[in-house]
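Written out below as structure tokens is the structure these notes cover.
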Amino acid sequence: RNEDLSHDEL
Amino acid sequence: MNIFRLAGDMTHLISVLVLLLKIYATKSCSGISLKTQELYAMVFLARYLDLFSDFISLYNTVMKLVFIGSSLAIVWCMRYHRVVRRSYDRELDTFRYWILVGACFTLALVLHEKFSFQEVFWAFSIYLEAVAILPQLVLLQRSGNVDNLTGQYVFFLGAYRAFYILNWIYRYLTEPRFTRWISCVSGLVQTALYADFFYYYFISWKNNAKLQLPA
């Protein structure tokens, strides 16, 4: 999974 | 996860709980803008499209479900609950928000992190959230008096994004490749829109007086 594009913030 | 983001999420959760408390306890939604609630429902539905595809953490998934569920429940309540809907300030809550929705979606088509369905909707949700409070602020100015719970609701809703700005500064300083310009700029605009509300809220709190927004 493309780490920096997955939005880990709400 | 850092303390600023956790504080932001908890403040956001408190704002939702205060609103639910106001509606449930007083069976009234006077002073609350249905338009803002509908915009927030759109924000969460557009932002959490990855709810089932990307599992970040249990916390992340639970909070997404809480925000989607509560925003839809509030919109349902204000539209269809036979007691609550009677106290809705229909004639004051007239902000034509489709202009905002159209402008934000157009901007998202132009400015996004990646041109994909999910990313365009994510950027759309970030821009839309920045302006979603406008109908509510307009309604407060028109209705003049602001009851305590409504004032607290708007205060916490504004404060949460201010915590997120601290979170982005912290992540920018501690994470090598952290850049979230879309979120940061939108977050700054969003918090700036609350500036005058925060000012009058602080004044009323200092003078221990009722919150009065200038018409």
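Laboratory data are not the source of any read-out in this text; all were calculated from the coordinates shown. What you are looking at is a predicted structure, and each value in this text was computed from that prediction instead of being measured. Because the Cβ atoms are built from the backbone with ideal geometry, glycine has one as well, and the counts that use them run over all protein chains shown.
Observations on the structure shown:
- Semi-axes of the equivalent ellipsoid of chain B are 28, 20, 17 Å, computed as sqrt(5λ) over the eigenvalues of the C-alpha gyration tensor in descending order.
- Exposure proxy ranking, count of Cβ atoms within 10 Å, fewest first, for B:VAL83, B:VAL189: B:VAL83, B:VAL189
- Average projection, convex hull of the Cα set of segment B:146-186: 3.2 square nanometres.
- Size descriptors for segment B:114-172: radius of gyration and Dmax over Cα atoms are 15.1, 45 Å.
- Debye intensity ratio in log₁₀ form over the Cα atoms of segment B:96-215, taken at each q of 0.09, 0.13, 0.19 Å⁻¹: -0.31, -0.61, -1.04
- Solvent-free Debye calculation, one equal scatterer per alpha-carbon of segment B:1-91: log10 I(q)/I(0) at 0.17, 0.18 Å⁻¹ equals -0.76, -0.83.
- Neighbour counts of other Cβ atoms within 10 Å put B:VAL138, B:VAL62 in the fewest-to-most order B:VAL62, B:VAL138.
- The distance from the alpha carbon centre of segment B:166-214 to that of segment B:76-97 is 28 Å, rounded to a whole number.
- B:ASN207 versus B:LEU6: modelled label distance in nm, points set 7 Å from Cα along the beta carbon direction: 3.9
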